[in-house]
1. Name the residue, out of 78, 155, 108, that is within 25 Å of the chain's Cα centre (by Cα), surrounded by 13 or more Cβ atoms within 10 Å (Cβ to Cβ) and charged (D, E, K, R).
2. Show the residue pairs meeting these rules: Cβ distance below 9 Å; 6+ apart or different chains; first residue within region 39-54 and over 15 Å from residue 78 (Cβ atoms); second residue among the small types (Gly, Ala, Ser).
3. Restricting attention to region 35-70, and to residues there that are touching a Phe, Trp or Tyr at 6+ places or on another chain (Cβ under 9 Å) and aromatic (Phe, Trp, Tyr), which single residue is farthest from residue 177 (Cα to Cα)?
4. When residue 120 is evaluated against the numbered criteria (1) loosely packed, with under 12 Cβ neighbours inside 10 Å; (2) at pLDDT below 90; (3) not assigned by TED's automatic domain parsing to the domain that holds residue 143, which criterion, by number, is the only one it fails?
5. Just to be sure I understand, how many residues within region 229-257 are in a helix (DSSP H, G or I), at pLDDT 50 or above and not hydrophobic (A, V, I, L, M, F, W, C)?
6. What is the number of the single condition among (1) modelled with pLDDT of 85 or more; (2) assigned to a loop (DSSP other than H, G, I, E, B) that residue 273 does not meet?
7. Can you name every residue in region 123-164 that is closer than 13 Å to residue 183 by Cα, acidic (Asp, Glu) and at pLDDT 80 or above?
8. What are the residues in region 79-110 that are out of contact with any Asp or Glu (no Cβ under 6 Å at 6 or more places or on another chain), modelled with pLDDT under 75 and in a helix (DSSP H, G or I), if any?
Amino acid sequence: MGIQADNPNLIELLREQSKKLEKDRKVVLSKINPWLDILEKSSQSKIEKKQKHKEIIDIGNFIHYFDSSLVIEDALSESPDFIIKQNELNIGVELKDLVIRQNEKEKEGILKSLFEQIKSELKSEEKSLCGFYRVELVDENLSLKKKNREALKKEIIALIKGQEIEQEYVKAIKKRPMSEISIYKGETTILGNLERTVVEEKIKSKENKLKSYTNENLDEIWLLLVIAGVEKSSDYSFFDSGITEKPFESNFDKIFIYDFSHREITELKITLPNKKLN
């Protein structure tokens, strides 16, 4: 259960939560840093490294919150994406991002790049401007063409610096304490639920890869669907009840949905294709 806004001990609870997250982060990093170092020295392209870097962080966090006794045996495997060990079991893991709103993905990429540019420009003043900034736009459907991007960037920088300006693009910027500068786009709308059909599509997209693992020395194959961060394309209000109540047809031994931002793990019910439950 999340922390309630009207809780009289809200500030203290947030501090404790922050300490717990920082402790968890250090534990996860201690387990994945060796693999990140190997990845950095590998011959993979910059784009491939960026994607694999994210996946290693995802699997590291999943293991930490699901079963800390699990060990990553191979983080640079391609088929499957990862090999992990649970006691004497060798387990292959296929990982897939659960993008709920595909049309938002491109916009998020542009905004991430824009926020990184802003952080770079503010780097010389980072100590005085450190904070976790939540940016709310006046128009959530703002076209992010080059002209608008430049104007939006200037407006965000001015507001972070505390300058008095006419706000054309930014509705508000909310700041929380943080030891560095971090910027993300906040949402004020209430979102719908995560539909079962979206999950089914993701499972099917990975199902055909299972045949290629028959020669691998694997005892089980898992599928990990990751809902990542606070992005609109991956956000939802609640699960469609059909996701947790009805089994999915699949040849995977286990399927999980991991909500990265809330650190919640849901194991899905599975039945083999063409084998219906009574």
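1. Values: 78 fails: surrounded by 13 or more Cβ atoms within 10 Å (Cβ to Cβ); 155 fails: within 25 Å of the chain's Cα centre (by Cα).
Just a single option satisfies the conditions, and that option is 108.
2. Hits for this filter: 54/228.
3. Per the criteria, the residue is 66.
4. Status for residue 120: all satisfied but (3).
5. First pass over region 229-257, keeping only residues in a helix (DSSP H, G or I): 232-234, 241-245.
Filter again for at pLDDT 50 or above, leaving 241-245.
Okay, now just the ones that are also not hydrophobic (A, V, I, L, M, F, W, C), so 241-242, 244-245.
Of the residues in that region, 4 qualify.
6. Single failed check for residue 273: (1).
7. 136
8. Passing the criteria: 102, 103, 104, 105, 106, 107, 109.
The values are calculated or read from the model by the stated rules, or taken from the named source; none is laboratory data. Since the model is a prediction, treat every value here as computed from it, not as a measurement. Every residue, glycine among them, receives a Cβ derived from its backbone with ideal geometry; neighbour counts consider all protein chains shown.
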